[in-house]
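Remarks on the structure that follows.
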Amino acid sequence: MNRHRKGILILGLETSCDETAAAVVEDGSRIICSLIASQVEIHSRFGGVVPEIASRRHLETINELVDRALTEASINLQDLDAVAVSNGPGLVGPLLVGVATAKALAYAARLPLVAVNHLEAHLYANFLTGHAIDYPLVALIASGGHTELLHLPAPGKPVVLGRTRDDAAGEVFDKVSRAMGLGYPGGPVIDRLGAEGDPERITFPRAYLDDNGRFDFSFSGLKSAVINYLHHSRQRGEEVNAADLAASFQSAVVEVLVDKTVDAARECRVKSVLLAGGVAANSRLRRCMRERLARNLPGISLHIPPLELCTDNAAMIAAAAFPPYREGRFAPLHLNAVPGLRSGCS
Ligand code: KG4
Ligand code: ZN
């Protein structure tokens, strides 16, 4: 045991999609160690995540990763205060590997088990940076599986202001990338390529929806418009400028994400805006959100996680488990994976 550590140590496990991750976090805010075994290379051959392959790979990897995390943190299992795991939303097979592992560790070491909503956990990546975050706040979580705008008047369960009605923001990056022959995952490639292109070269649709759903998102129309543009160009034998296409598509996604988040921040009279999820790694989104808030709502502070904490990791799971740990909200040993778990539930 490392006797210098007096805080609460939580082991977090993450297996909801294609990253196996284990991390030890102290007091929900200090990363002692954070390990990620990515499966991206395996799945990129198939153009997307193959759930059965992901489950098997998690199974092969997780025990060794937990051992390594404890070794790097210089602690034993018994030195922990709790084990936390994301039990949804995500792919059922992959989630089950993390849930079963966490339950076995908690049972063996007689530790409390904390269940964490994966989507809400993305928010907690912002609490690992050492910056104080003032409530009330509005948070945009944009990942490969979800796009949600949340309002947190105070610490605790979020109020969902809106969510995507069809494809998630990350999902359209991945699908457009596949249609352009750029591979998986699409976000980082389109981000890089788009930086060299003209975002105003092609005008793609932006969906703002009616008054009832004005904080909801819809990206499937944009996805179809990009795919149609590619088809028509190919049919006509015209060469597509990939950088301009990537820049124009990216600009359409980012504009809607920024507009709705800024509107929500103004309406909810918040002190902070948080970005989270894989799409928060997007350089145009980071820049445009910063510029728009500085221009339109200068008193509001913007928090964006460092790149490595935007995409899936276990440090955010351990951080998200800290408030329920302190409140004694533990999960039973018959905890199950809930693939369709919604925000505001765990
Ligand atoms: O949060 P995450 O790691 O996993 C889920 O919980 O889904 O998000 C992965 C998603 C992928 O769709 C990926 O293409 C997207 O985040 N992504 C990005 C960027 N980096 C990752 N999207 C846009 N720009 C990026 N730089
Ligand atoms: Zn995620």
Completion exercise
In the neighbourhood of residue 251 defined by beta carbon distances under 9 Å, the net charge of the other residues (Lys, Arg +1; Asp, Glu -1) is -1
Practice task
With a 10 Å radius around each residue's Cβ, average the other Cβ atoms per peptide and rank 45-53, 234-242, 309-317, 294-302, highest first.
Solution key: 309-317, 45-53, 294-302, 234-242
Exercise for the section: Excluding residues fewer than 8 places away in the same chain, name every one of the lysines whose C-alpha is closer than 26 Å to that of residue 103. Expected result: 6, 157
Completion exercise
Rounded to the nearest whole number, the per residue volume of the convex hull around the C-alpha atoms of the range 243-336 in Å³ is 151 Å³
Fill in the blank from the handout: With residue 47 itself left out, Lys, Arg at +1 and Asp, Glu at -1 over residues whose Cβ is under 11 Å from its Cβ give +2
Fill in the blank from the handout: Share of accessible surface on carbon and sulfur in the range 135-304, whole %, 1.4 Å probe and ligands ignored, is 48 percent
Completion exercise
With no solvent term and unit scatterers on the alpha-carbon positions of the range 135-304, Debye gives log₁₀ I(q)/I(0) at q = 0.15, 0.17, 0.19 Å⁻¹ of -0.79, -0.98, -1.19
Problem - Value at 222 nm in deg cm²/dmol, rounded to 500, when DSSP H runs of n ≥ 4 in the chain each add -39,500 (n - 2.57) - result: -13000 deg cm²/dmol
Exercise for the section: Can you figure out the FRET efficiency of residue 27 with residue 203, using R₀ = 45 Å and their beta-carbon distance, to the nearest 0.05? Expected result: 0.40
Fill in the blank from the handout: So, with points 7 Å from each Cα along the Cβ direction, the residue 290-residue 327 label distance in nm works out to 3.4 nm
Handout entry: For the chain: accessible area per residue (Å², 1.4 Å)
Key = 44 Å²
Problem - Computed label-point distance, nm, for sites residue 241 and residue 60 using a 7 Å Cα→Cβ extension - result: 4.4 nm
Completion exercise
With +1 at each Lys and Arg Cβ and -1 at each Asp and Glu Cβ, the charge dipole magnitude of the range 63-120 around its Cα centre, to the nearest 20 debye, comes out at 200 debye
Handout entry: Cβ crowding within 10 Å averaged over residues, with 182-189, 196-203, 129-136, 95-102 ranked highest first
Key = 95-102, 182-189, 196-203, 129-136
Problem - Rg followed by Dmax, in Å, when the range 137-194 is reduced to its Cα trace - result: 14.1, 44
Completion exercise
One checks the Cα atoms of the range 297-346 and finds Rg and Dmax, in Å, of 15.0, 48
Practice task
Please list 325, 208 in order of solvent-accessible area, largest first, computed with a 1.4 Å probe with all protein chains present.
Solution key: 208, 325
Fill in the blank from the handout: Note, residue 77: beta-carbon cut-off 12 Å, +1 each Lys/Arg, -1 each Asp/Glu, net -2
Problem - Gap separating the Cα centres of the range 138-155 and the range 204-240, nearest whole Å - result: 24 Å
Exercise for the section: Please list, in chain and number order, the residues 5+ apart from residue 336 or on another chain whose amide H is under 5 Å from its amide H, with Hs placed from the backbone. Expected result: none
Problem - Taking the range 61-190 and dividing mean pair separation by its residue count, relative contact order in percent (alpha carbons under 8 Å, at least six apart) - result: 14 percent
Problem - Set of lysines with alpha-carbon distance to residue 175 below 30 Å, sequence-local pairs under 8 removed - result: 223, 260
Handout entry: Calculated FRET value between residue 271 and residue 307, using beta carbons and R₀ = 30 Å, to 0.05
Key = 0.75
Handout entry: the chain: translational diffusion in µm²/s, Stokes-Einstein, Kirkwood Rh over Cα pairs, 20 °C, 1.002 mPa s
Key = 104 µm²/s
Handout entry: Net lengthening on full extension, residue 133/residue 77 (0.36 nm per residue, minus Cα-Cα)
Key = 17.0 nm
Handout entry: For q = 0.16, 0.19 Å⁻¹, Debye-computed log10 I/I(0) when each Cα of the range 1-100 counts as one equal scatterer
Key = -0.66, -0.86
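The values are calculated or read from the model by the stated rules, or taken from the named source; none is laboratory data. Everything quoted here is computed from the prediction, not taken from an experiment. FYI the Cβ positions are ideal-geometry reconstructions off the backbone, even for glycines, and counts take in every protein chain you see. For accessibility, only protein heavy atoms count, side chains too; no ligands or nucleic acids. Shrake-Rupley method; radii C 1.70, N 1.55, O 1.52, S 1.80 Å.
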